[in-house]
Amino acid sequence: MGQWRIGIVGAGAVARMCHLPVLLSMDNVQVAWLADINNPSAAALARAFGVPHLTLPASPDDLPDCDVVLLAIPVRHRMPYYEALARRGIAVFAEKPLAVSREEHAQIVSLFAPHRLACGYMRRLYANSRLLRRAVREQWFGPLQRLRIREGTRGTRTGVDATHYDDVRAAGGGVLLSLGCHTIDLVLYLTLADSFQVHNRHIDWDDTLDRRVEAGIHLHGVGGHPEAMCEVEYCVSWLDDQENTIELEFPNVTLSAGLTPDATVTIRPHGPESEPVEEFQPGRGATTTYQAFFLEWDHFLRGVDKGEASLVAASTAQNTAALIDAVYGRGASTV
């Protein structure tokens, strides 16, 4: 493929702050058009970045032709786009989450060949994530025994527009679906677990919106080893400040890191006299947010070109959707 023609539906913060700067930096990408239901916002954003503005048509069937469409709109409004673009043979890169439930996720995945549908779980591409995944898979310190992950702060602070996050009709859920999907996906990516069991949960509700979620989860098949298991302590919150860290406990050491791409990985041997030892980041993987967005687009477009599912293929996140459902208590607690 010479030049990829990318259409964008959605003119919010994630398109403005992340996708557009990255796409315009790629030599093999042309932003073909930008549209949003808020036409003045889309027009202003298009002018700011020097890309063509499109008045959003009433039907997604009437969108102009292109190679890939970025869907950066609230998840509840996407299904007509998935269906229309699949019929037209246009590949889709969707911002996370792909869907509001495991059932809907599977339905959407079934519309596309695996290499033609991506979901933006960008933390898989962080350098520290790759290091932690290798430590688990190769059992550098023995089998993983326990994982703790906590993210959040008072308020929304998702890094994108907050206007629809208080509207469950648009967002499809609260903190777990909107922010926690990242850490749920990260848990499954790092551990390579093939099944799970949610054995306890506590959700603080604000009417129909979840604001804080805690859960205990048993993982099976950890590190790709059929008999390996570990326990997960999980929390995501918009009500109080969390540590925003992940800890992986092995028999004799604990690895920990922050949840940002530039976070270092710390090794702490067990014992009262132990001092932490900081590890520098490996050479492969993203150490900035822009690098992570670049890599997910690069992986996806290469996969489309070769006909191979990429690291961000939506088909690889079906257990992520299933675990979110299980933590909400709206589906099987064991998969």
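All of the numbers you see were taken from the coordinates with simple rules; none came from a lab. On a predicted model such as this, the values are computed, not experimentally measured, just so you know. Glycine gets a Cβ as well: all are built from the backbone with ideal geometry, and neighbour counts include every protein chain shown.
Quick notes on this one:
- Cβ charges +1 (Lys, Arg) and -1 (Asp, Glu), total dipole of the range 178-306, debye: 480
- Using θ = phi - 60° and Karplus 6.51 cos²θ - 1.76 cosθ + 1.60, couplings along the range 114-128 (whole Hz; Gly, Pro as x): x, 7, 10, 9, 10, 10, x, 8, 6, 5, 4, 9, 5, 4, 5
- Near R148: Cβ cut-off under 15 Å, other residues only, Lys/Arg at +1 and Asp/Glu at -1. The net charge is -4.
- Stretching the chain fully between N200 and D298 yields a gain of 31.4 nm (0.36 nm per residue, less the alpha carbon separation).
- Phi-derived couplings, Karplus 6.51 cos²θ - 1.76 cosθ + 1.60 at θ = phi - 60°, listed residue by residue for the range 185-197: 5, 5, 4, 5, 5, 5, 8, 6, 5, 9, 7, 8, 9 Hz, with x used for Gly and Pro.
- Acute angle (nearest 10 degrees) that the helix 318-328 long axis makes with the longest principal axis of the chain, alpha-carbon atoms: 70
- Using alpha-carbon coordinates, inclination of helix 289-306 to the longest axis of the chain, degrees: 70
- Each peptide among 243-250, 270-277, 6-13 gets the average number of other Cβ atoms lying within 10 Å of its residues, and from highest to lowest they stand as 6-13, 243-250, 270-277.
- Cβ charges +1 (Lys, Arg) and -1 (Asp, Glu), total dipole of the range 4-122, debye: 180
- Of the chymotrypsin sites (Phe, Trp or Tyr not before Pro) in the range 24-92, those whose Cβ has at most 11 other Cβ within 10 Å and which sit in DSSP loop: none
- Over the range 4-122: Kirkwood hydrodynamic radius from C-alpha pairwise inverse distances, Å: 14.3
- In nm, spacing of pseudo-spin labels at R146 and E227 (7 Å Cα→C-beta vector): 2.3
- Answer label for Rg and Dmax of the Cα atoms in Å (calculated), chosen among [x] 22.5, 72; [y] 19.9, 66; [z] 22.0, 89: [y]
- Other residues within the sphere of radius under 10 Å centred on the Cβ of N244, judged by their own Cβ, net out at -2 (K and R +1, D and E -1).
- Only Lys, Arg (+1) and Asp, Glu (-1) charged, at Cβ; the chain dipole about Cα centre in debye: 580
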